[in-house]
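*Asks:* Just dropping this structure here.
The values are calculated or read from the model by the stated rules, or taken from the named source; none is laboratory data. Computed from a predicted model, the values in this text were never measured in an experiment. Methodologically, a virtual Cβ is constructed for each residue, glycine included, from the backbone with ideal geometry; neighbour enumeration extends over all protein chains shown.
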């Protein structure tokens, strides 16, 4: 038992305290200043930046994680870009996917090899840009005038599809049924079909009543924004977890795939027995430290559950449909699907319980597994 507790303490400490000697990445922080990767600079590693202003003119041969007020990309990122900012200006090359949350997003003359997943107030993508994957966005105003090789999924108050836009597959969008909310140019080329979901906003003669009717839509918008922020946070934590503790991550995720019902059953039993067990430990003075440790581990593993279940689900889907995905790609895809399902009333709640129980059970089985 002492061996198990010691290993858990080591894992918690290692997870939250990232030792620079063990992390294969370049980390730059300057909260009040600016960070500039010069045009001649080449970074052969993943890059983590926290600053007021970030400008990347050079080349990064890895994934990039940025938290800043203003971000401008004119260089080359040979990986994926993960960014949270007030203003995001994309004018360079990103070979992978872009995951972002920002106030204003401008994509001008940018070449994106993967997909663009973004949540913002305004998103503008000009005719000189191209996107090799799909666009998935929630925005107040969205303007697309570029080439998109796959589909576009948009939830927006104002949608503009320009005359130079070329969408390789389908266009899905949800917007208000008020006139002027969607403007799709007749010259735009959409290879697939266009699907529209209208949000009824019937106006009342009294302005107070009109505002009252808009309250649910406002709350839905806040919920969507919160979900996007939560997804971005989980995605970054998952990538760090996978990078720093890849063996633990992949083996725990494999337990979800190989022993799903067993993992879910164990997780269910833990959630039922935890509170009575915690009370018993607190009654005994000797058990108070162990109760604190157990509570901390439950919180930690409850959060990490969706990460390993997302990885397991993404890997299962990629194998089922013979899609070529990296471990990171399968994890990101699976996590995204989980977040989408959790937005569905009732079904999302039930799916959340299944994710929690199966992930919690897999962590428990992994903890007491004899094999390393």
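*Asks:* Could you pull out the residue among 57, 46 that is outside the structural domain of residue 363 (by TED's automatic domain parsing), out of contact with any helix residue (DSSP H, G or I) (no Cβ under 7 Å at 6 or more places or on another chain), under 30 Å from residue 366 (Cα atoms) and at pLDDT 85 or above?
*Replies:* It is 46.
*Asks:* Say whether the condition of being modelled with pLDDT of 90 or more, assigned by TED's automatic domain parsing to the domain that holds residue 64, under 23 Å from residue 333 (Cα atoms) and in contact with a strand residue (DSSP E or B) (Cβ under 6 Å, 6 or more places away or on another chain) is met by at least one residue in the range 96-104.
*Replies:* Yes: the range 96-104 contains one or more residues that are modelled with pLDDT of 90 or more, assigned by TED's automatic domain parsing to the domain that holds residue 64, under 23 Å from residue 333 (Cα atoms) and in contact with a strand residue (DSSP E or B) (Cβ under 6 Å, 6 or more places away or on another chain).
*Asks:* Next question, about the same structure. Against the condition closer than 19 Å to residue 265 by Cβ and either in the same structural domain as residue 116 (by TED's automatic domain parsing) or more than 15 Å from the chain's Cα centre (by Cα) (or both), how does residue 353 come out, does it pass?
*Replies:* So residue 353 passes the test.
*Asks:* Let me ask another. Yes or no: the range 130-142 includes at least one residue that is in a strand (DSSP E or B), more than 25 Å from residue 64 (Cβ to Cβ) and in contact with a strand residue (DSSP E or B) (Cβ under 7 Å, 6 or more places away or on another chain).
*Replies:* For the range 130-142, residues in a strand (DSSP E or B), more than 25 Å from residue 64 (Cβ to Cβ) and in contact with a strand residue (DSSP E or B) (Cβ under 7 Å, 6 or more places away or on another chain): present.
*Asks:* Here's another thing I want to ask about it. May I ask you to list the residues in the range 318-358 that are surrounded by fewer than 15 Cβ atoms within 10 Å (Cβ to Cβ) and under 17 Å from residue 258 (Cβ atoms)?
*Replies:* Scanning the range 318-358 gives 319, 320.
*Asks:* Still on this structure: Only one of 145, 128, 89 is more than 19 Å from the chain's Cα centre (by Cα) and farther than 23 Å from residue 169 by Cα; which?
*Replies:* 89
*Asks:* Might you check whether a residue that is assigned to a strand (DSSP E or B) and at pLDDT below 85 occurs anywhere in the range 180-188?
*Replies:* So far as the range 180-188 goes, yes, one or more of its residues are assigned to a strand (DSSP E or B) and at pLDDT below 85.
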